[in-house]
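Each remark here refers to the structure printed beneath this line.
Values quoted throughout were computed directly from the atomic coordinates according to the rules given, and no laboratory measurement underlies them. None of the values given here were measured: they were computed from a predicted structure. No Cβ is skipped: glycine too gets one built from the backbone with ideal geometry, and neighbour counts run over all protein chains shown.
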Amino acid sequence: MIQFDKITKVFEDGTKALNNISLSIPAEALVAIIGPSGCGKTTLMKMINRLEVPTSGEVYVAGKAVSSVDAVELRKTIGYVIQRIGLFPHMSIERNVSLVPNLKGWPKDKTYGRIYELMQMVGLDPAQYLSKYPLELSGGQQQRIGVVRALAGNPEIVLMDEPFSALDPISREQLQIETKKIQKKLKKTIVFVTHDMDEALKIADIIVLMRNGQIEQIGTPTEIIETPINHFVKNFIGIERINRKRSVGKRMLDEFTSFFEQDEQSSYLVVDASTLVEEAIALLENEGTKKLLVKKGNKELGFVNQSILLRAILAKEEVS
């Protein structure tokens, strides 16, 4: 868990970037921090790995104050993906992604095994790409390598600072999907800064919406869409987006089978594929369960939760 305890940040020119923020980020969650330019979202995220230091307050990782940890040692344990990617152009891809494992003193076979697995996860053949140099890759491929490098040292926390904003729409969509899959498989805590509400709604388990150095609202994608706390939140989300989301009540679950998951949890309810989407969301909110098992007759189609349903709805709307 990451905890921000009464964080205030005032820069030397007197600009107050953060104002008394307290926030808890649960382990193994993908948390999107979003808000307009200058709201403090990147400053807040950078305090996790001490690229920014609070004027007052403290940041804790797994119960330990980050101010008490050597900054270099701390950063070895936290992956970091930035918009500019930051690969070293004179190094091969293999050398770029091996940096943190080498700093940690890993044996070569362990490093290669980790890199091989991650390269396959992001859809890049290790045999084809590890010997290449960054300038031989497209922007989307370079950003995939940036993700691999951030994960190579097996950190528990990964920070992502608007990593896909400079990519073309297709590459961006693919990387959003792959990031969510990687987070689900590897169980990492990901803090993802973005200015794109659609991106936050697609990938996040929890959204933190900021303005003027303060938090306006925290919630799941469904909570943010369904119950915006004030006019700022409603306007930032967009009335059209909210109305589209609220107009899906006549859609049935069997329209979204391609989004269903197959992993089983100990606690779930069984629903029929003809169940309306709004009824499924109500069950998830009111019955104390995190997932629904959707069945069509005797056939099990898969599991859904609120985030899956919302991302499926948004994806359907983009196609239509």
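Observations
- Over 20 Å (Cα to Cα) - which of K181/K290; K108/K181; K187/K295 fall in this group: K108/K181; K187/K295
- 5 angstrom amide H check on T220, placed H, neighbours 5+ away: I207
- Stretching D5 away from E240 to a fully extended chain increases their span by 81.0 nm, per 0.36 nm per residue minus the current alpha-carbon distance.
- Between S165 and N298, the FRET efficiency estimated from the beta carbon spacing at R0 = 51 angstrom works out to 0.65.
- Separation of the alpha carbons by more than 26 angstrom is noted, of K132/K184; K9/K64; K64/K291; K46/K202, for K132/K184; K64/K291.
- Amide hydrogen proximity for M47: with H placed 1.01 Å from N in the peptide plane, the residues at 5 or more positions away or on another chain lying under 5 Å are E52.
- Distance cut-off 27 Å, percentage of C-alpha pairs in segment 2-243 lying past it: 36
- Taking θ as phi - 60° and the Karplus parameters 6.51, -1.76 and 1.60, the scalar couplings of segment 28-41 work out to 6, 9, 9, 10, 9, 9, 9, x, x, 4, x, 7, x, 5 Hz in sequence order, x denoting glycine and proline.
- Gaussian network model of the chain, Cα within-10 Å springs - most flexible of A166, A282, A32: A282
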